[in-house]
Amino acid sequence: MTLRTRLRHPEGHAAQRAGWLRAAVLGSNDGLVSTSSLVVGVAASGASGGAILTAGIAGLTAGALSMAVGEYVSVSAQADVERADRALEQAELEATPAAEFAELTGIYERRGLPRDLAEQVATALTEHDALAAHLRDELGHNEINRARPLQACAASAGSFTAGALVPFAGLAAPAGWPRIVGVVAVTVVGLAVAGALSARTAGTPLGRPTLRVVLGGCAAMAATALVGLLSGTATG
């Protein structure tokens, strides 16, 4: 493959999807686990079908909104830090350009470049865009991992809703333990699919991420089922 061909077909690294992928994986997993656990816990307490459905819908709505707000607030805080760093770096470049140039040169030296070459690189990058060079090489800011609050908010809320809808399929089973088993069964399938999709999207092997997601979800459902059963026994 020639260099021109490689440039025409850039590699698709998983790091480019890291921002929204983290929010989407967290949202779908949380939607599956929290909603199914809530439904299983309420069902185990002996509640009516209407109460179980109401609890599930309330959990879905509250969870999706909570995830959206939480992601937006947390990622916005990251964006605020990035803007503050940018303003501070710009001020330092204007106040002490020589010191900033020496700092940039030292960064390249520590990465293995000889002193002369490090100065040449620092000179070229400073002339091209001094602020971008410092943000990237001094602070680690880049376009790939830049904070995007709205993207994280939408990915988290959408994936939570998609995940939270899965356990409702199990409510079609007859009341009692068959309904609980139905919710658990569809949730386990959903967790396996979510784990496999996240692993595939991230470019990693399927086994360990999928198993991790399934086992964590099952543990959560078991715990809430026990709490619901004890609550139903105590209040029955």
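In the stretch 1-52, the residue that is modelled with the lowest pLDDT out of those that are open to solvent by 40 Å² or more (accessible area, probe 1.4 Å) and closer than 18 Å to residue 215 by Cα is 25.
Against the test of being under 29 Å from the mean Cα position of the chain (by Cα) and surrounded by fewer than 16 Cβ atoms within 10 Å (Cβ to Cβ), the options 65, 135, 60, 117 yield a single qualifying residue, 65.
Check 165, 171, 211 and return the single one that is among the hydrophobic types (A, V, I, L, M, F, W, C), more than 25 Å from residue 62 (Cα to Cα) and modelled with pLDDT of 85 or more. Spell out the reasoning first.
Working: 165 fails: more than 25 Å from residue 62 (Cα to Cα); 171 fails: more than 25 Å from residue 62 (Cα to Cα).
Testing whether each residue is among the hydrophobic types (A, V, I, L, M, F, W, C), more than 25 Å from residue 62 (Cα to Cα) and modelled with pLDDT of 85 or more leaves just 211.
Quick check: anything in the stretch 171-179 of a type outside the set (Gly, Ala, Ser), surrounded by 18 or more Cβ atoms within 10 Å (Cβ to Cβ) and closer than 17 Å to residue 26 by Cα? The answer is no; no qualifying residue exists.
The values are calculated or read from the model by the stated rules, or taken from the named source; none is laboratory data. Keep in mind that this is a model prediction, so the values were computed, not measured. In this analysis, Cβ positions are derived from the backbone assuming ideal geometry, glycine residues included, and neighbour counts consider all displayed protein chains. Just so you know, the surface numbers come from the protein's heavy atoms only, side chains and all, with ligands and any DNA or RNA stripped out. Shrake-Rupley method; radii C 1.70, N 1.55, O 1.52, S 1.80 Å.
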